[in-house]
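The values are calculated or read from the model by the stated rules, or taken from the named source; none is laboratory data. Everything numeric here is computed off the predicted structure, so don't read it as measured data. Neighbour counts run over all protein chains shown; Cβ positions are idealised from the backbone, glycine included. To get the accessible areas, we keep the full protein, side chains included, count just its heavy atoms, and leave off ligands, DNA and RNA. Shrake-Rupley method; radii C 1.70, N 1.55, O 1.52, S 1.80 Å.
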Amino acid sequence: MPLVVVHRENKFNEVLRNMRRSGGSRANAYRKIGEIRQSLAIGERNVCQTTDRGESRIKNCVKYDIGHGHRLVSVDFGEVVMLCFAGSHDEVD
C-alpha cells in the first residue's frame, strides 16, 4: 500500500477548510478528496475519474476530476502518492 503524503500540508489543509466552509459544490469536492485519500491509502489507484488534459506538464501527475469543475492534483511515485493541490479548474491550472 502506498504512503499518501501532502505537499505543503498547512497550505493544502487551508484550501480544504475553505472548500468545506464554502458549501455547495466546493463542499462536495472536499468530501470527494477525503474519499480519494482514503482509497489511495488502502492501495486503490483507480478511485475517481481523471482528466484528459494537463497531466503531461508534471511527470507521473494524476489530476482527478472531483466534480463541478474542481480538481485534485497528485503525483504518483509508486510507493508514495503526493497530494499537491485542490481547487477549481482555474485555480489548479
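Summary table below
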| read-out | value |
| --- | --- |
| Residue in the range 27-36 that is at pLDDT below 90 and either in a helix (DSSP H, G or I) or within 18 Å of Asp93 (Cα to Cα) (or both) present | no |
| Unique match (being touching a residue at least 60 places away in the same chain (Cβ under 8 Å) and out of contact with any Lys or Arg (no Cβ under 7 Å at 6 or more places or on another chain)) among Val81, Val47, Val62 | Val81 |
| All positions within the range 11-26 that are touching a Phe, Trp or Tyr at 6+ places or on another chain (Cβ under 6 Å) and assigned to a loop (DSSP other than H, G, I, E, B) | none |
| Members of the range 44-71 found to be of a type in the set (Lys, Arg) and either surrounded by 12 or more Cβ atoms within 10 Å (Cβ to Cβ) or within 16 Å of Met19 (Cα to Cα) (or both), listed by number | Lys63, Arg71 |
| Matching residues in the range 72-91 - criterion: being open to solvent by 30 Å² or more (accessible area, probe 1.4 Å) and of a type in the set (A, V, I, L, M, F, W, C) | Phe77, Val80, Met82, Cys84, Phe85 |
| Selection status of Val4, in contact with a Lys or Arg (Cβ under 8 Å, 6 or more places away or on another chain), in contact (Cβ under 8 Å) with a residue 60 or more places away in the chain and either closer than 18 Å to Ser88 by Cβ or not in a loop (DSSP other than H, G, I, E, B) (or both) | yes |
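Yes/no matrix, rows are residues, columns are (1) out of contact with any helix residue (DSSP H, G or I) (no Cβ under 6 Å at 6 or more places or on another chain); (2) in contact (Cβ under 8 Å) with a residue 40 or more places away in the chain; (3) open to solvent by 40 Å² or more (accessible area, probe 1.4 Å); (4) β-branched (Val, Ile, Thr):
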position: Arg20; (1), (2), (3), (4): no, no, yes, no
position: Ile33; (1), (2), (3), (4): yes, yes, no, yes
position: Ile36; (1), (2), (3), (4): yes, no, no, yes
position: Ile42; (1), (2), (3), (4): yes, yes, yes, yes
